[in-house]
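Peer 1: My structure is below; once you've seen it, I'll send some questions.
The values are calculated or read from the model by the stated rules, or taken from the named source; none is laboratory data. Keep in mind that what you see is a predicted model, and the values were worked out from it rather than measured. Using ideal geometry, Cβ is built from the backbone for each residue, glycine included, and neighbour counts are taken over all protein chains shown. Note: accessible area is taken over every heavy atom of the protein model, side chains too, but ligands, DNA and RNA are not part of it. Shrake-Rupley method; radii C 1.70, N 1.55, O 1.52, S 1.80 Å.
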Amino acid sequence: NYLFDQVWAAPMGVGWALPSAMGQTVSPDRQVDQLQDDTRLWIVHADGRIRGYQPDRFTSIAERYLQLGGDKQIEQAELVDIRNDESPVWLVLIRRSDSRFELRTYPFAGGAAAWSYPLDYSSPYGTAPTFITAQVDGDAQREVIVSHGAVIDPVLSLQQWFYPDGFVRFAAGDIDGDGRDELVHTRSYPFVLRALDVDSGTEKWSKEIDDT
């Protein structure tokens, strides 16, 4: 048996990022390991506030703000080096007042959005989609993969591919060593694991899993 002492606690938001821990951000992503400030734990709140904490104690040492405009809120946030040039930006999923969604990027320092992209997605239950980022083709930047099936190039601002079945559980990684990430996902029963080559828009393989 082990005993653990709580060192500190911070009010949680919709996303977080610890720049000094490579990959330990809001989703299983590859991130730059040295950002403008590698001493802070950043907490992103639904109203656009970003608070920086010293990771070794409960002390708020910085606050930034993402300008959302109107009756909007953040559903998911991630600190991403989209262009792979060690210039990370905040990539956020916004819920609008009409219950539609859009992706936006903001400068690391906060302020006004630098880019936005409306998603062709709606849910009768009001459920928000989710996203990950990955390097799925041969260009220099990362793409955004959204759970409803869209793969979006945030630099060219276009939908690069669409998988009509969408994704329930999904992750990305270079599983064949070709320098591009493949998308691995599963759906409901029957439980099938599939690997997709997003660049060519084809399925690489699939395997039914016995979950009994």
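Peer 1: Where a ≥ b ≥ c are the square roots of the eigenvalues of the C-alpha gyration tensor, would you call the range 84-136 rounded, which needs a/c under 1.5, or, failing that, prolate if a/b is larger than b/c, or oblate?
Peer 2: In terms of gyration-tensor shape, oblate.
Peer 1: Solvent-accessible area per residue for the range 81-212 at a 1.4 Å probe radius, Å²?
Peer 2: It amounts to 49 Å² per residue over the range 81-212.
Peer 1: Let me ask you something else. What spacing in nm lies between the two simple spin-label points modelled at Arg49 and Arg169, each 7 Å away from Cα in the Cβ direction?
Peer 2: Taking the simple label geometry, Arg49 and Arg169 are separated by 3.5 nm.
Peer 1: Between beta-carbons, use under 12 Å as the cut-off and find the net charge around Val89, counting Lys and Arg +1, Asp and Glu -1.
Peer 2: Taking every Cβ under 12 Å from that of Val89, the sum is -1.
Peer 1: Could you run the Debye sum over the Cα atoms of the range 117-212, one equal point scatterer each and no solvent, and tell me log10 of I(q)/I(0) at q = 0.12, 0.17, 0.18, 0.22 Å⁻¹, two decimals?
Peer 2: Values, matching the q order: -0.39, -0.75, -0.83, -1.16.
Peer 1: Counting alpha carbon pairs within less than 8 Å and at least 6 residues apart, what relative contact order, in whole percent, applies to the range 149-198?
Peer 2: Normalised by residue count, the contact order of the range 149-198 is 24 percent.
Peer 1: State the percentage of accessible surface on the range 127-211 attributable to carbon and sulfur atoms; use a 1.4 Å probe and exclude ligands, DNA and RNA.
Peer 2: 50 percent
Peer 1: Taking 41 Å as R0, compute the FRET efficiency from the Cβ-Cβ separation of Ser87 and Thr186 and round it to 0.05.
Peer 2: 0.75
Peer 1: Whole-Hz Karplus ³J(HN,Hα) for the range 140-157, in order, using 6.51 cos²θ - 1.76 cosθ + 1.60 and θ = phi - 60°, x for Gly and Pro?
Peer 2: So the Karplus estimates, Gly and Pro as x, are 8, 10, 8, 9, 10, 9, 10, 4, 7, x, 8, 10, 10, 8, x, 7, 7, 6 Hz.
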